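Trainee: Before I ask anything, here is the structure I am working with.
Coordinate-derived values only; no laboratory data. Bear in mind the structure is a predicted one, so any value in this text is a computation, not a measurement. Every residue, glycine among them, receives a Cβ derived from its backbone with ideal geometry; neighbour counts consider all protein chains shown.
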DNA sequence: CTGGATCCCTATCGATACTG
DNA sequence: CAGTATCGATAGGGATCCAG
């Protein structure tokens with residue numbers, strides 16, 4: 001129990017190096033942004049239209065949604081499709097990568113449920 | 001069911017509700033902060049002293065470390081222990097909750113390795 | 001060694017108004 | 001419907017200096 005009482009071979013994060021951490025940080029900084037989780041959740045649940053997302057996510061302005069969607073799109077988590085009707089409609093969908101991220105985020109939900117004080121009525 | 005073509009019973013995030021999302025957002029906003037992942041990683045790998053962390057995490061100033069540690073502490077992810085030597089030394093450790101968070105963050109590392117383009121310029 | 005206090009610049013956000 | 005433009009307030013972050 002001197003410096004590291006943990007077994008490096010047994011714990012998965014032991015061989016997470018700085019480079020991985022940098023990469024993970026970028027993802028976490030995107031996902032950690034305000035509104036990002038809510039937007040991803042909305043998309044995961046089937047929302048596709050711009051206005052639909054602003055409706056589902058309470059308090060989200062169109063301005064912020066635009067900003068977030070651009071980020072998520074350049075992170076290749078969300079795909080934007082323009083359908084040339086009149087007027088044009090735009091559809092947003094999670095990419096396979098985005099879906100994978102949602103899956104990777106699931107343990108966080110579990111963590112929250114384990115530790116967050118549940119108010120039961 | 002309305003417009004969701006997904007099977008609610010099959011996909012785990014389907015029954016993630018807004019409340020869970022709010023809770024998860026708070027965690028993600030903390031973890032997504034600049035330096036937070038690096039600090040958590042440093043602690044997970046055995047760093048305990050203040051200066052040790054600033055050394056391990058390149059570019060991290062004492063000011064930012066102070067701020068982040070306070071956040072992590074009030075989120076109950078990190079525990080601060082003062083050892084009354086002369087001069088006093090302070091030890092930071094991950095709480096069980098903090099360790100659990102690290103574990104919950106592991107899939108993110110997996111995600112990154114799956115999708116991040118390996119840089120071979 | 002472990003921070004706290006300032007300064008100062010920038011990024012971010014919300015509100016509002018406007019457009020094709 | 002799906003955004004863009006602008007503004008003002010605030011929060012974040014780096015640099016620097018200081019203190020117990």
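Trainee: Can you give me the distance in nm between label points at residue A:61 and residue A:73, each placed 7 Å from the Cα along the Cα-to-Cβ direction?
Mentor: 2.0
Trainee: While we're here: Determine the shielding of peptide B:28-36 by partner chains: average, over its residues, the number of Cβ atoms on other chains within 10 angstrom of each Cβ.
Mentor: Working: counts 12, 7, 2, 7, 12, 4, 4, 1, 4.
Across B:28-36, the average partner-chain Cβ count within 10 Å equals 6.
Trainee: Per-residue mean of other chain beta-carbon atoms within 10 angstrom of the beta-carbon, peptide A:94-100?
Mentor: Partner-chain Cβ atoms within 10 Å, mean over residues of A:94-100: 2.
Trainee: Next question, about the same structure. Enumerate the residues in region A:53-97 having an amide nitrogen under 20 Å from the point lying 7 Å beyond the Cα of residue A:34 toward its Cβ.
Mentor: A:53-73
Trainee: Using a 10 Å cut-off on Cβ to Cβ distances, tally the other chain neighbours for every residue of A:44-50 and report the average as a whole number.
Mentor: Per residue, the number of nearby Cβ atoms from other chains is 4 on average.
Trainee: While we're on this one: What number, in percent, do you get for the relative contact order of region B:18-115 if the mean sequence gap of Cα pairs under 8 Å and at least 6 apart is divided by its residue count?
Mentor: 24
Trainee: Give the distance, in whole Å, between the Cα centre of region B:53-121 and the Cα centre of region A:37-106.
Mentor: Each part reduced to its Cα centre gives a spacing of 31 Å.
Trainee: Cα extents of region A:18-115 along the three principal axes, largest first, in whole Å?
Mentor: 48, 29, 22
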